[in-house]
Amino acid sequence: MTQCEQDSTAIPRFSIVIPVYNDWIPLEQCLQSLARQTDAPGFEVIIVDDGSTDTAPEFVTTSAHRYPLTVIRQRHEGIPSARNQGIRTAKGALLLFMDADCRLRSNCLAALNSTIGRSPQHDCFQLRLVGDRSSLVGRAEELRLIAFQEHMLQPDGRIRYLNTAGFAMRRARADIEAGVFDPAALRAEDTLLLADLMQGGELPLFVPDAIVEHAIPLSLVECFWKDIRSVHLEGNANDIIASRGVRIRVTHRERLRLLSAMWKTAGQQSIGRSAWFVLVVRQTLQRTISSGYQFLRVGSATPT
């Protein structure tokens with residue numbers, strides 16, 4: 001573990017945990033967005049290198065950061081394990097989870113801190129996620145996020161949605177030693193965490209003023225390949241959720257309503273109908289591969 005920071009005895013309000021596996025390039029803008037926070041409470045940044053094959057660049061290891069930054073290196077065990085390792089190192093009363101390809105709007109931490117201060121009855125908080133509209137992939141992500149967050153928002157301000165691109169929780173709520181995220185779920189670990197919360201009658205409080213931009217650094221073809229690879233990895237998390245009897249996935253009727261809502265939103269000039277078609281193709285590809293994967297699993301488990 002290395003520390004790249006000015007030593008400080010002050011205990012930070014937030015501990016921001018960012019796992020990294022070779023995605024160093026987008027991380028630079030992520031760290032820059034943290035440096036641009038205005039009226040933010042004290043925070044530390046914990047980067048957990050999950051056994052990257054690429055060496056961490058100089059902008060990570062330099063000491064010229066405006067906030068305390070710690071870099072932890074572990075063997076490649078998966079993002080859930082990396083996040084749990086970051087939790088064990090954290091000093092703050094509040095844990096904020098981000099991805100390396102995310103950027104916080106300048107008032108994000110201030111808005112989040114304000115909401116948490118006014119909401120002592122809540123332990124978990126989902127930040128508002130937006131896409132990067134500068135690319136077709138980003139506009140499709142923006143369209144997806146708008147639709148899901150609006151659809152999953154409950155009348156009491158909580159949300160039936162959890163995305164670790166921007167999710168916060170009180171440290172007192174976390175199981176520090178056992179970890180918050182299940183290492184068995186190499187993908188969809190945030191969905192599995194949502195299932196755990198729902199089993200306990202809890203949902204994250206939605207914080208619409210705390211905005212995180214999810215800037216996907218992939219081409220459209222690379223996104224398709226990632227979707228294909230992810231289906232298998234997400235299967236384990238989905239199996240665990242199914243065994244607990246928790247309904248996470250949207251129904252066919254809900255999916256049709258979402259597609260209709262997204263079509264209307266795609267009429268905005270800043271998004272465009274092409275983003276809707278990209279999103280439909282990606283979701284169709286994921287569902288087709290997932291169905292095939294489940295069919296093969298059931299067939300292999302059936303005695304001959």
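Is at least one residue of region 222-241 of a type outside the set (Gly, Ala, Ser) and assigned to a loop (DSSP other than H, G, I, E, B)? Looking for residues that are of a type outside the set (Gly, Ala, Ser) and assigned to a loop (DSSP other than H, G, I, E, B), one finds none in region 222-241, hence no. In region 185-202, the residue that is most open to solvent (accessible area, probe 1.4 Å) out of those that are touching a helix residue (DSSP H, G or I) at 6+ places or on another chain (Cβ under 6 Å) and among the hydrophobic types (A, V, I, L, M, F, W, C) is LEU186. Which members of region 183-214 meet the condition of being among the small types (Gly, Ala, Ser) and closer than 22 Å to MET152 by Cα? Correct list: ALA188, ALA195, GLY200, GLY201, ALA210. If the condition is being among the acidic types (Asp, Glu) and buried (at least 22 other Cβ atoms within 10 Å of the Cβ), then region 59-91 contributes no residue at all. Every test in (1) assigned to a loop (DSSP other than H, G, I, E, B); (2) surrounded by fewer than 22 Cβ atoms within 10 Å (Cβ to Cβ) is passed by HIS151 save one, and that test is (1). When ARG83, ARG105, ARG73 are screened for being touching a residue at least 40 places away in the same chain (Cβ under 8 Å) and over 20 Å from ARG13 (Cα atoms), only ARG73 passes.
Considering region 26-56, the residues that are among the aliphatic types (A, V, I, L, M) and over 18 Å from the mean Cα position of the chain (by Cα) include one that is nearest to PRO217 (Cα to Cα), namely ALA56. Within region 261-280, can you find the residues that are free of Cβ contacts under 8 Å to residues at least 12 places away in the same chain and open to solvent by 60 Å² or more (accessible area, probe 1.4 Å)? Hits for region 261-280 are LYS264, GLN268, GLN269, ARG273, PHE277.
Only one of ALA195, ALA178, ALA172 is of a type in the set (A, V, I, L, M) and in a loop (DSSP other than H, G, I, E, B). Can you tell me which?
Numbers: ALA195 fails: in a loop (DSSP other than H, G, I, E, B); ALA172 fails: in a loop (DSSP other than H, G, I, E, B).
After applying the criteria, what remains is ALA178.
Out of all the residues in region 154-164, which are surrounded by fewer than 21 Cβ atoms within 10 Å (Cβ to Cβ) and touching an Asp or Glu at 6+ places or on another chain (Cβ under 9 Å)? Walk me through how you get there before you give the answer.
Let us first name the residues in region 154-164 that are surrounded by fewer than 21 Cβ atoms within 10 Å (Cβ to Cβ), namely 154-158, 160.
Listed by number, the list holds a single entry, ARG158.
Of the strands (runs of 3 or more DSSP E) lying entirely inside region 92-140, those containing at least 1 residues that are modelled with pLDDT of 95 or more, open to solvent by 10 Å² or more (accessible area, probe 1.4 Å) and of a type outside the set (A, V, I, L, M, F, W, C) span 102-104, 124-131. Take the conditions (1) within 26 Å of ALA110 (Cα to Cα); (2) open to solvent by less than 80 Å² (accessible area, probe 1.4 Å); (3) of a type in the set (S, T, N, Q); (4) at pLDDT 90 or above; GLN29 misses just one of them, which is (2).
Within region 2-9, is there a residue that is at pLDDT below 95, under 26 Å from ALA210 (Cα atoms) and in contact with a His (Cβ under 9 Å, 6 or more places away or on another chain)? First the steps, then the outcome.
So the first thing to find is which residues in region 2-9 are at pLDDT below 95, and the list is 2-9.
When the remaining residues are screened for being under 26 Å from ALA210 (Cα atoms), the result is 5.
Remaining after also requiring in contact with a His (Cβ under 9 Å, 6 or more places away or on another chain): 5.
Yes, that holds for at least one residue.
Within region 67-91, how many residues turn out to be assigned to a loop (DSSP other than H, G, I, E, B) and within 23 Å of ASP175 (Cβ to Cβ)? Lay out the reasoning, then the answer.
In the first step, residues of region 67-91 are kept if they are assigned to a loop (DSSP other than H, G, I, E, B); the result is 67-68, 75-78, 90-91.
Imposing the further condition that a residue be within 23 Å of ASP175 (Cβ to Cβ) reduces the set to 75, 77-78, 90-91.
Final tally of qualifying residues: 5.
Within region 194-240, being without any contact (Cβ under 8 Å) to a residue 12 or more places away in the chain and not aromatic (Phe, Trp, Tyr) holds for ASP196, GLY200, GLY201, VAL221, GLU222, LYS226, ARG229, ASP239.
The values are calculated or read from the model by the stated rules, or taken from the named source; none is laboratory data. Because the structure is predicted, anything quoted here is derived from the model rather than measured. Cβ atoms come from the backbone with ideal geometry, glycine included; neighbour counts cover every protein chain shown. The area values use the complete protein model at the heavy-atom level, side chains included, leaving out ligands, DNA and RNA. Shrake-Rupley method; radii C 1.70, N 1.55, O 1.52, S 1.80 Å.
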